[in-house]
Amino acid sequence: MIENKSEVKEVAKLFLKLGFTAFGGPAAHIAMMQREVVHKRAWVSEEHFLDLVGAVNLIPGPNSTELAIHIGQERAGWKGLIVAGLCFILPSVFITGFFAWLYKEYGQLPELQAFVYGIKPAIIAVILAAIFPLARKSIKNTELAIIGIVVLFLALFGINEIFLMFGAGFFSLFLAGFRNGNFTRLNGFYPLALFESWFISTDANLNYKLFLIFLKIGAILYGSGYVLFAFLDTELVATGLLTRHQLIDAIAVGQFTPGPVFSSVTFVGYQINGLSGAIISTIGIFLPSFALVALLKPIVKKMRSSKLMSAFLDAVNVASVAIIIVVCYLMAKDSIADWRTILIAIASIFITFKFKNINTAFIVLGGAVLGYSLSLI
């Protein structure tokens, strides 16, 4: 019991830190977690970390949040599952809630663009530092290398990441079954997916509406935060609950606050129905992630113990790494545009690779300070 309490405290301390410092979106969050739980703390092996990354990409919801929840469960059981998720989510929710209050009171957001300007190139360095060991571990043979290259090029052409991961997995599964001459050992595995099943009455209480809307989105949404904003446009802007200008400002908040992009929902809920709307919306969007991760754990172990399912998971891992590389490339293309951002990127990459044990929070904060300082020139 004492050991368990100690492990829960370790989980809380780590994910609270990441909750305040994990800027840059899911790819950057995963890179930070990989450095913290694989290299610095050795809570999980590189291979198992890759398994978790691949597995959370196969279920709906915010991938980096689900990865945090899963790591917490691995380290400290069901208490760790809850603590890791809350500690990773809540800092972003509170910061976003503060901006939501400012926005509703004064009609505008504070000027933070100069800091974001420097954070983005620094985040790219964090991702690059994590992706190399992940790539080395995931590419176990020539077949997987080819799958990774094909996925990388298809991702560059904008093919949906879910199609790419499932496609890579089932292609590898087919090859493994063909080599073994046996497709009967799949043990009834089916990808976990949920579909829309809620009807929202126009006469229902507004908070009840919000809860059902965001519970539905959290349970069925695949992809990045930008997919979330497309859902919000359909569910809220088209129905008149939110203006498109408010949605655009919610996207901006999601970009310059740490933690999961899904915390933008806190901002949206606050604009629609104040504090209670913010709380209800936040609970709704994140609640499915806790349930899905709890269901996922035995499936991951079962997959890895089966030769055919292991082949499936290996291919999904390679595809995940390829997609993260493409995300990094697109981030660099958008954010490294002048001599200042080039300088920040080079300095961040040098420090990250030279001092491998440096806390990623210092890289992110250093990029923010440097971006603000250079913007004054």
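The values are calculated or read from the model by the stated rules, or taken from the named source; none is laboratory data. Keep in mind it's a predicted model, so treat the numbers as computed, not measured. Please note: Cβ atoms are built from the backbone with ideal geometry, for glycine as well, and neighbour counts cover all protein chains shown. Each accessible area value is taken on the protein alone, full model and side chains, heavy atoms only, with ligands, DNA and RNA left out. Shrake-Rupley method; radii C 1.70, N 1.55, O 1.52, S 1.80 Å.
So what's Rg/Rh here for the chain, counting alpha carbon atoms and using the Kirkwood radius for Rh?
Using only Cα positions, Rg/Rh for the chain is 0.97.
Using the heavy atoms of the protein chains and a 1.4 angstrom probe, tell me the accessible area per residue for region 245-307 in square angstrom.
Per residue, region 245-307 has an accessible area of 35 Å².
Using a 1.4 angstrom probe on the protein heavy atoms only, could you order Leu292, Leu215, Leu376 from most to least accessible area?
Result, largest first: Leu376, Leu215, Leu292.
Would you mind getting the accessible area per residue of region 16-88, heavy atoms of the protein chains only, 1.4 Å probe, in Å²?
That works out to 26 Å² for each residue.
Using only alpha carbon pairs under 8 Å that are at least six residues apart, calculate the relative contact order of region 1-99 and give it in whole percent.
Working: 99 pairs, mean separation 36.8, N = 99.
Relative contact order here is 37 percent.
Can you give me the orientation-averaged projected area of the convex hull built on the Cα atoms of region 36-99, in nm²?
The number I arrive at for region 36-99 is 4.8 nm².
Over the chain, with every protein chain in place, what whole percent of the accessible area is carbon and sulfur at 1.4 Å, could you tell me?
67 percent
R0 = 41 Å: FRET efficiency of Thr243 with Phe163, Cβ-based, nearest 0.05? Walk me through the numbers on the way to the answer.
Values: r = 33 Å, r/R0 = 0.80.
Computed FRET efficiency for Thr243 and Phe163 comes out at 0.80.
I need the helices of the chain that pass two filters: whole DSSP H segments spanning 30 Å or more by Cα along the axis, and mean Kyte-Doolittle score no lower than -0.5.
Working: long enough: 63-106 (44 Å, 0.61); 113-138 (37 Å, 1.28); 264-305 (48 Å, 1.04); 307-335 (42 Å, 1.45).
Going by DSSP H runs, the hits are 63-106, 113-138, 264-305, 307-335.
Counting C-alpha atoms alone, how compact is region 1-55: give Rg to one decimal and Dmax as a whole number, in angstrom.
12.1, 37
Could you work out the relative contact order of the chain? I mean the mean sequence separation of Cα pairs under 8 Å and 6+ apart, divided by the number of residues, in percent.
32 percent
Compute the length gained on full extension between Phe170 and Tyr329: take 0.36 nm times their separation in residues and subtract their Cα-Cα distance, giving the result in nm to one decimal. Walk me through the intermediate numbers first.
On the way: separation 159, 0.36 × 159 = 57.24 nm, distance 2.63 nm.
Length gained between Phe170 and Tyr329: 54.6 nm.
Where is the GNM fluctuation largest for the chain (alpha-carbon springs, 10 angstrom cutoff): Phe171, Phe290, Phe20?
Highest fluctuation of the listed residues: Phe171.
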